[in-house]
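Supplied in structure tokens, the structure appears directly below.
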């Protein structure tokens, strides 16, 4: 009976340790605002990622990037963001992530900004060169995140320390093409490890169970 009890205790520890490593998930909401709305020359913004959202996380592995939102240019260069000489519209987009939660940890609002540029004629924007979709001349546009290189495949990230040896990372990718759909990805980094006390208890349980088996064998 005693052997059964000790082995049962060891099995319970295994199950509890497995539960501690259950697949974590991230949930939250976001909003996108701009300096100039569409009626003043800025793009029209359409959500492509549902808000609120939820996604499963694999420690140390970025999620597959998904479409974030779509920015569709105004019909012409106009308003305070327009340079009429170059027919180039410039706008500032601000993304706010709110109500974020992962592994029971609530995260304060995180923000990121991007520069939206649309050129209605002439040579393509430097941020669109070699993207494989924008024409060498004519209408081109880009979304370039603050902190990212001014190229079509640039990216940047936001990071928040969860206080448990892990960080949440949000990856933001530049985008081009006339109706622009930038992508976003998430990662939990690094992998959490069991607390030393838990490991010691886990090892002690199996050590005792092994001792009982050896005594009975003797």
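Rule-based calculations on the coordinates, nothing more; no lab input. From a predicted model like this one, the values you see are computed outputs, not experimental measurements.
Taking the Cα atoms of the range 22-190 alone, what are Rg (to one decimal) and Dmax (as a whole number) in Å?
Considering the range 22-190 through its Cα atoms, Rg and Dmax are 17.0, 58 Å.
Which whole number of Å³ per residue matches the convex hull of the alpha-carbon atoms in the range 54-110?
146 Å³
Separate question: Which translational diffusion coefficient, to the nearest whole µm²/s, is obtained for the range 101-167 from the Stokes-Einstein equation, given a Kirkwood hydrodynamic radius over C-alpha pairs, 37 °C and 0.692 mPa s?
This corresponds to a translational diffusion coefficient of 229 µm²/s.
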